[in-house]
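Readers should treat all values here as calculations from the given coordinates under stated rules, not as data from a laboratory. Everything quoted here is computed from the prediction, not taken from an experiment. Cβ: placed from backbone, ideal geometry, glycine included. Neighbour counts: every protein chain shown.
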Amino acid sequence: MNYFNDLDDSKKGITIKYLLTMSSGLHYPGNEGMIPSRNWTEFVLEQPVEFEPGVQMKYSCGSSHILSAILQKATGMNTLEFARKNLFAPLGINDFHWYQDTQGIAIGGFGLRMKIEDMLKFGVLYAQNGAWNSKQLISADWIARSVSPSLTSETLYSYHWRIMKSIKKEDAKNKTFYAMGMGGGRGQYIFVNQELPLVAVFTTIISNDSLLSLHWFNNFILKNSCL
């Protein structure tokens, strides 16, 4: 409500945290509904509320796009430029492309392309609790909150990170969180285990089994690292 004051009463309970955890309760008809619309932000916010906000996780690129719109309102900068200044430049990430919607808002749910080594840098940043070259780029408190399980769906989910269920629940070293992208996964992953420490990145063009990279990581990298 602090950023969109014309929302109807059914949406006043939606918070930034609920957008981060994909639990806004807003119906999302899919990217094929949002992409052709004139104004993506308005399209998402005009959708009806399906369930009480904060109750259950339902994946929505629309929620991610609203977060990008909020970030631009809060900072007065395009999300891409804000990221370039405060995240990408300090990490030495220079070769990337981030698509925008027709309103000039960097797409929140998809559309960011970068090199595999730059994906790895982002994973290492999280493995190091937000520190890079002796500078704290992201607060350690935010890192901890963003990778702590918030809601349970088919996997444990937090602030846009998924948490892998432990191989042995009593072994904290098996706590791994990961980012998954491009077409519902399709092999694009950043895996992070802070305790080992271990960071691994997969990029593939697999289309018939988006979870294959997850199985490779779990069976051939994580298990051997825990021995």
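Taking the highest mean first, how do the peptides 8-21, 94-107 order by number of other beta carbon atoms within 10 angstrom per residue?
So the peptides 8-21, 94-107, ranked by packing, come out 8-21, 94-107.
Give, as a single signed number, the net charge of other residues whose beta carbon lies under 13 Å from the beta carbon of Ala89, with Lys and Arg counted +1 and Asp and Glu -1.
Once positives and negatives cancel, what remains is +1.
How large are Rg and Dmax for the chain when only the alpha carbon atoms are used, in Å?
17.8, 55
Using a Förster radius of 25 Å, what is the FRET efficiency between Ile205 and Phe4 based on their Cβ-Cβ separation? Nearest 0.05, please.
That pair, Ile205 with Phe4, gives E of 0.10.
By how many degrees, 0 to 90 and rounded to 10, does the Cα axis of helix 61-75 deviate from the longest principal axis of the chain?
The angle comes out at about 80 degrees.
Pairs Lys121/Lys175; Lys115/Lys165; Lys73/Lys135; Lys175/Lys223: which are spaced more than 18 Å apart, C-alpha to C-alpha?
Beyond 18 Å: Lys121/Lys175; Lys115/Lys165; Lys73/Lys135.
With everything on Cα atoms, drop me the angle between helix 116-127 and the longest principal axis of the chain, reported from 0 to 90° to the nearest 10.
Orientation of helix 116-127: about 90 degrees from the principal axis.
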